[in-house]
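The values are calculated or read from the model by the stated rules, or taken from the named source; none is laboratory data. No experiment lies behind these values; they were computed from the predicted model shown. Backbone-built Cβ (ideal geometry, glycine too); neighbour counts: all protein chains shown.
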Amino acid sequence: MEAKPGDSAVKAAETPKQAEDRRWRMVDRAMRLNGFQSHALIETLHAVQESFGYLDMDSLKYVANGLKVPLSQVYGVATFYHFFSLKPAGDHTCVICMGTACYIGGAAEIIKGVSDQYGIAPGETTTDGKLSVVIARCIGSCGLAPAVVFDKEVVGKSTSKTVLEKIGRWTNS
């Protein structure tokens with residue numbers, strides 16, 4: 001039986017902890033299904049993100065080894081695309097759309113209200129780990145502007161007050 005390209009790289013990178021963790025097997029599967037080819041980088045990073053919730057340096061090194069691509073390339077892709085996160089998310093996520101319609105509709109005021117109330121900027125998580133605030137360039141719900149996504153639920157015609165009320169229910173529970 002012939003070894004596939006990258007098999008030895010993945011096995012060499014595995015630690016006993018990774019070998020036992022089902023999430024790593026999902027990442028390995030994504031690489032294996034694509035023949036450990038470098039063109040599978042984004043798909044593999046998606047597998048890591050889905051499995052662990054974020055991309056840490058260990059996972060970036062693991063993917064670089066498995067796909068035989070430079071770590072700098074893996075890091076570049078991970079930081080370029082908005083979908084990927086290098087930090088663990090909070091228990092709840094609030095995504096504020098900053099597309100043109102949402103911006104004109106008052107998204108900047110929503111961001112200011114959340115930042116003032118919780119002391120975090122977009123892209124950050126509260127110190128208690130309950131809330132992450134993220135900015136999206138456009139979520140495709142322009143007719144609902146300004147739109148905010150609360151834990152994957154799109155809410156339209158949002159105001160600073162309604163967003164703070166929703167977040168308040170999360171943080172007080």
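If I ask for residues that are at pLDDT below 70, acidic (Asp, Glu) and either surrounded by 12 or more Cβ atoms within 10 Å (Cβ to Cβ) or in contact with a Ser or Thr (Cβ under 8 Å, 6 or more places away or on another chain) (or both), which ones from region 2-51 would you list?
Asp7, Glu14
Among the residues of region 90-104, write down those that are over 27 Å from Thr44 (Cβ atoms) and either touching a helix residue (DSSP H, G or I) at 6+ places or on another chain (Cβ under 9 Å) or polar (S, T, N, Q) (or both).
Kept after step one, since they are over 27 Å from Thr44 (Cβ atoms), are these residues of region 90-104: 92, 94, 96-104.
Answer for region 90-104, where residues must be over 27 Å from Thr44 (Cβ atoms) and either touching a helix residue (DSSP H, G or I) at 6+ places or on another chain (Cβ under 9 Å) or polar (S, T, N, Q) (or both): His92, Cys94, Ile96, Cys97, Met98, Gly99, Thr100, Ala101, Cys102.
For the subset of region 126-140 comprising residues that are surrounded by fewer than 12 Cβ atoms within 10 Å (Cβ to Cβ) and charged (D, E, K, R), which member is farthest from the chain's Cα centre (by Cα)?
First, the residues of region 126-140 that are surrounded by fewer than 12 Cβ atoms within 10 Å (Cβ to Cβ): 127-128, 137, 140.
After this cut, where a residue has to be charged (D, E, K, R) as well, the list is 128, 137.
Numbers: Asp128: 19, Arg137: 15 Å.
Among those residues, the one meeting the criterion is Asp128.
Does Asp56 fit the bill of being out of contact with any Phe, Trp or Tyr (no Cβ under 7 Å at 6 or more places or on another chain), over 18 Å from Phe150 (Cα atoms) and either of a type in the set (A, V, I, L, M) or surrounded by fewer than 18 Cβ atoms within 10 Å (Cβ to Cβ) (or both)? Step through it out loud before you land on a result.
Numbers: out of contact with any Phe, Trp or Tyr (no Cβ under 7 Å at 6 or more places or on another chain): yes; over 18 Å from Phe150 (Cα atoms): yes; either of a type in the set (A, V, I, L, M) or surrounded by fewer than 18 Cβ atoms within 10 Å (Cβ to Cβ) (or both): yes.
It is true that Asp56 is out of contact with any Phe, Trp or Tyr (no Cβ under 7 Å at 6 or more places or on another chain), over 18 Å from Phe150 (Cα atoms) and either of a type in the set (A, V, I, L, M) or surrounded by fewer than 18 Cβ atoms within 10 Å (Cβ to Cβ) (or both).
Every residue, every condition in (1) over 25 Å from Ile167 (Cβ atoms); (2) among the basic types (Lys, Arg); (3) outside the structural domain of Phe150 (by TED's automatic domain parsing), yes or no:
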position: Ser51; (1), (2), (3): yes, no, yes
position: Tyr62; (1), (2), (3): yes, no, yes
position: Ile96; (1), (2), (3): no, no, no
position: Glu109; (1), (2), (3): no, no, no
position: Thr127; (1), (2), (3): no, no, no
position: Lys130; (1), (2), (3): no, yes, no
position: Val133; (1), (2), (3): no, no, no
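Identify, by number, the condition in (1) on the phi < 0 side of the Ramachandran plot; (2) outside any helix (DSSP H, G or I) that Ala64 doesn't meet.
(2)
Given the conditions (1) modelled with pLDDT of 95 or more; (2) of a type outside the set (Gly, Ala, Ser); (3) surrounded by 13 or more Cβ atoms within 10 Å (Cβ to Cβ), which single one is not true for Val95?
Unmet condition: (1).
Is there a residue in region 81-89 that is in contact with a helix residue (DSSP H, G or I) (Cβ under 9 Å, 6 or more places away or on another chain) and not in a loop (DSSP other than H, G, I, E, B)? Before the answer, list the steps.
Pass one, region 81-89, residues in contact with a helix residue (DSSP H, G or I) (Cβ under 9 Å, 6 or more places away or on another chain): 81, 83-86, 88.
Now narrow it down to the ones that are not in a loop (DSSP other than H, G, I, E, B): none.
There is no residue in region 81-89 that is in contact with a helix residue (DSSP H, G or I) (Cβ under 9 Å, 6 or more places away or on another chain) and not in a loop (DSSP other than H, G, I, E, B).
Out of Gly123, Gly35, which single residue is assigned by TED's automatic domain parsing to the domain that holds Ser160, on the phi > 0 side of the Ramachandran plot and either assigned to a helix (DSSP H, G or I) or not β-branched (Val, Ile, Thr) (or both)?
Step by step, each of Gly123, Gly35 is checked, and only Gly123 is assigned by TED's automatic domain parsing to the domain that holds Ser160, on the phi > 0 side of the Ramachandran plot and either assigned to a helix (DSSP H, G or I) or not β-branched (Val, Ile, Thr) (or both).
Which one is farthest from the chain's Cα centre (by Cα) among residues in region 145-156 that are closer than 16 Å to Glu109 by Cβ and free of Cβ contacts under 8 Å to residues at least 24 places away in the same chain? Give the derivation first.
Let us first name the residues in region 145-156 that are closer than 16 Å to Glu109 by Cβ, namely 145-148, 155-156.
Filter once more, keeping what is free of Cβ contacts under 8 Å to residues at least 24 places away in the same chain: 155-156.
Values: Val155: 20, Gly156: 22 Å.
The extreme case among them is Gly156.
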